[in-house]
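Here the structure comes first, spelled out in structure tokens, and everything after it is commentary.
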Amino acid sequence: MPQHVPSRLRAALPRQQHHSAPPPFPRRIVFLAHRDLGNPSAGGSELLVDRLADGLSRLGHQVTLLCGGPAAYRDYRVVSAGGTYGHYLRARSAFARQVGETDLLVEVCNGMPYLSPLWHRGPTLCLVNHVHTDLWPMRFGGPLAPAARLGRRLEHWALTGARGSGLLVAVSPSTAQALRGIGVERERIRVVHNGVEEPGPHTGRSAEPLFVAVGRLVEYKRIDLLLRLWERVRPVTGGRLVIVGDGPERERLERLAGAGVTFAGHVSEAEKHRLLCAAWLLLHPSAVEGWGLVVTEAAVRETPAVAFDVPGLRDSVVDGETGVLAAGESSFAAAWCALALAAERRERMGKAARDHAAQYRWDRTVRQFRAVAAEAVRGWSP
């Protein structure tokens, strides 16, 4: 820039004139997400964002999480934009008021969108756990069906038309396929898998049959179906079924539960570790997942999974090797019984599951995401 330009005029010039090229990695990164990990309703999506934010912070990035609901203190900055649903309307003003300049805005798209490309002038990246096409009618059925149709259309438009040529990160090949199915171009999608922690020492397998399901108690997790199948399985296997997690469906599910069922609610990481080590099988009856993080968490404890052959779970479970993918309810119950009665086969699958999970670690996830973040910044044009 010519030196004779007055300083006050130089300061008024557009910022992009001061940079000949973007940095190799975005330094200031903001995640825009529904919840913080400390929220009582937090699940796998919140854990993924926390691990990414924490890992990027350790690599020297300035990371902020802008979310709804309660915000906990972390090594990175967390800002609450309002209540559970109100923050969708306040996200834009909260971003302008409390966040300020950023090199990359990462919108975590889990159903209801923030439409950040419409109001944020700068590079954006969309992180998608799963497309909610089939989940909208499960959440809004009967007289609320019009709301389900509206939500589905808004989500599809936000993932396709609103984002222009921007990149999207899918957490599994299933999610990538679902994005392509609603019209997102293949070349805009990058797959970054979830990671898993090193679990620590094994605390011992249960001497009696113990089966564990872990997840938020909401409709699409289909714990009610699991309870029905348990009535068919229990006379064959005996033992206990432990349901870990909480949510709006808990009261109804407790009324449905028969003998041998325990609802553990929220548990500590230490207790989750103990249960996954002790379990004979992890049971995952969900209708759809982005990845199925708990499958990998169980796998590192050498606990195989029985799940349905649905998006996400068909990525995290290697059918016949690290667990069994069932086509329907009867085959799920049959696989459950067969593995419960075959100790050697369970042990082989558990060791295969542990070996398979070894390729998924959070540090690798963070590095892959960081590379995509840099690509998103390089590819953005005003």
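The values are calculated or read from the model by the stated rules, or taken from the named source; none is laboratory data. Everything numeric in this text was worked out from a predicted model, so none of it was measured. Glycine gets a Cβ as well: all are built from the backbone with ideal geometry, and neighbour counts include every protein chain shown.
When you check Thr296 against the structure, is it hydroxyl-bearing (Ser, Thr, Tyr), assigned to a loop (DSSP other than H, G, I, E, B) and closer than 24 Å to Ala207 by Cα, yes or no?
Details: hydroxyl-bearing (Ser, Thr, Tyr): yes; assigned to a loop (DSSP other than H, G, I, E, B): no; closer than 24 Å to Ala207 by Cα: yes.
Criteria not met by Thr296.
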Open item on the list: Which condition from (1) in a helix (DSSP H, G or I); (2) surrounded by 22 or more Cβ atoms within 10 Å (Cβ to Cβ) is the one that Val306 breaks?
Closed with: (1)
Open item on the list: Checking Ala96 against (1) out of contact with any strand residue (DSSP E or B) (no Cβ under 6 Å at 6 or more places or on another chain); (2) among the small types (Gly, Ala, Ser); (3) surrounded by 20 or more Cβ atoms within 10 Å (Cβ to Cβ), only one condition comes out false. Which one?
Closed with: (3)
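Within the group Asp363, Asp319, which residue is farther than 26 Å from Gly166 by Cα and surrounded by fewer than 18 Cβ atoms within 10 Å (Cβ to Cβ)? Step through it out loud before you land on a result.
Values: Asp363 fails: farther than 26 Å from Gly166 by Cα.
The match here is Asp319.
To keep it simple, each residue is scored yes or no on (1) of a type in the set (Asp, Glu); (2) farther than 21 Å from Val171 by Cα; (3) at pLDDT 80 or above.
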| residue | (1), (2), (3) |
| --- | --- |
| Met1 | no, yes, no |
| Arg10 | no, yes, no |
| Pro23 | no, yes, no |
| Arg27 | no, yes, yes |
| Val30 | no, no, yes |
| Asn39 | no, yes, yes |
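Pick from Gly350, Gly312: which is of a type outside the set (Asp, Glu), touching a residue at least 24 places away in the same chain (Cβ under 8 Å) and on the phi > 0 side of the Ramachandran plot?
Working: Gly350 fails: on the phi > 0 side of the Ramachandran plot.
None of the other options fit; the residue is Gly312.
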TODO: Out of the residues in region 100-110 that are closer than 25 Å to Gly44 by Cα and touching a residue at least 60 places away in the same chain (Cβ under 8 Å), state the one that is surrounded by the fewest Cβ atoms within 10 Å (Cβ to Cβ).
DONE: Asn110
Task: Selection status of Ala176, modelled with pLDDT under 90, at negative phi and outside any loop (DSSP other than H, G, I, E, B) - done: no
